[in-house]
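Undergrad: Shown below is the structure under consideration.
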Amino acid sequence: MNRKGFTLVELLMVVIIIGILVTLAVPNYYRSVERAKSGKAKGAMDAIRKAELQYRGANDQYTNTLADLEDYDLPLDLVDDGADADWTYSITTANTSELVINAERANGPHATSTLTMDQDGLISNVDGVGEWGS
């Protein structure tokens, strides 16, 4: 008698192997997604910084308002509401020569985590962002 098919043990082994692969792959996937979202924030912060540098060149000071940067090549979604799907951006100026750009995570597992960039483009990780966003 020649039966074709899989035994229960063979099927269980396949299910176990797939389970192990999923257990290893899913956390790596989420880390990759978080790194990509962090990179998106860093890119937006750099765009804000460059627009601020242009604004300062024209007005001898930085601005605290993203709407003031509309004429300086800042993407319109940032000008309109200072946010994208994952981050909320804000600007703080201490005086005419100091600039701090903040990106706060709006949602996801690291909500309320913050990235900070200064006028020189140096990024500081605040509230645990460095653990997943490097």
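Undergrad: Counting other Cβ atoms within 10 Å, which trypsin sites (Lys or Arg not before Pro) in segment 1-104 have at most 11 and lie in a DSSP loop? Each step should come with its number before you reach the end.
TA: Numbers: sites: Arg3, Lys4, Arg31, Arg35, Lys37, Lys40, Lys42, Arg49, Lys50, Arg56; in loops: Arg3, Lys4.
Answer in residue order: Arg3, Lys4.
Undergrad: Here is a further query. For the pair Asn2/Asp71, report the inter-label distance in nm, with labels modelled 7 Å from Cα in the Cβ direction.
TA: About 8.5 nm, to one decimal.
Undergrad: Between Leu21 and Ala106, what is 0.36 nm times their sequence separation minus the Cα-Cα distance? Round to one decimal in nm. Display every interim value, and only then the final one.
TA: Values: separation 85, 0.36 × 85 = 30.60 nm, distance 3.10 nm.
So the chain would gain 27.5 nm between Leu21 and Ala106.
Undergrad: If neighbour count is taken as other Cβ atoms inside 10 Å, put Ile18, Ile101, Ile123 in order from fewest to most. Could the numbers behind the result be given before it?
TA: Values: Ile18 10, Ile101 26, Ile123 19.
The fewest-first ordering by Cβ neighbours comes to Ile18, Ile123, Ile101.
Undergrad: For the chain, what does the helix formula give at 222 nm: sum of -39500 (n - 2.57) over DSSP H segments with n ≥ 4, over the residue count, nearest 500 deg cm²/dmol?
TA: Details: 3 runs with 63 residues, N = 134.
It comes out at -16500 deg cm²/dmol, rounded to the nearest 500.
Undergrad: Relative to the first principal axis of the alpha-carbon coordinates of the chain, what is the inclination of helix 8-59, with its axis defined by its Cα atoms, in degrees from 0 to 90 and to the nearest 10?
TA: Compared with the principal axis, the helix lies near 10 degrees.
Where a number appears in this text, it was derived from the coordinates with a stated rule and is not lab data. These numbers come from a predicted model, not from an experiment. Heads up, the Cβs are rebuilt from the backbone with ideal geometry, glycines too, and the neighbour counts pull from every protein chain shown.
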